[in-house]
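What follows draws every value from the coordinates through simple rules; no lab data is involved. Computed from a predicted model, the values in this text were never measured in an experiment. We place every Cβ from the backbone using ideal geometry, glycine too, and count neighbours over all the protein chains shown.
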Amino acid sequence: MVWRSGEIRNLKIEDIDWRTESIRILHTKTRACSYLPLMAPVGEAILSYLRSGRPQTDAREVFVRTRAPYGRLRVLHSAVFRRIRDAGVKPPGSVGHTSSDMPARSRCCAPRSRKR
């Protein structure tokens with residue numbers, strides 16, 4: 001599964017269910033919801049960010065601006081590619097919105113297996 005940048009920008013703290021270890025994703029294109037398992041390393045990274053890296057704000061979005069005024073992110077694409085460029089990473093293929101969806105994220109949130 002590939003997440004759109006808007007789905008990441010709009011992820012709210014209450015979309016993470018720590019007890020069931022799942023994340024609710026509201027899809028920007030279809031407005032449908034998906035529930036995905038919260039993999040331990042991803043949950044630990046988000047928890048660390050919430051405790052130590054996220055600025056103090058009343059915003060309910062998980063990821064917020066790092067400069068005042070702290071609030072929801074308006075753009076994610078340029079920030080991601082700036083970090084990739086600064087790290088010296090050369091993404092394979094074309095660089096555009098499709099590659100900005102970062103398929104690697106799908107490895108962080110593998111689809112939940114269904115019990116029958």
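Annotations
- Annotation for the stretch 1-72: trypsin sites (Lys or Arg not before Pro) lying in DSSP loop with at most 13 further Cβ atoms inside 10 Å of their Cβ are Arg19, Lys29, Arg31, Arg60, Arg67.
- Near Ala59, once Lys and Arg are set to +1 and Asp and Glu to -1 for all other residues with Cβ below 10 Å from its Cβ, the sum equals +3.
- The stretch 52-87-the stretch 3-27 distance, computed between alpha-carbon centres (Å): 16
- Distance (nanometres) between label positions extended 7 Å along Cα→Cβ at Thr28 and Lys90: 2.9
- The stretch 5-108, Cα convex hull volume normalised per residue, Å³: 123
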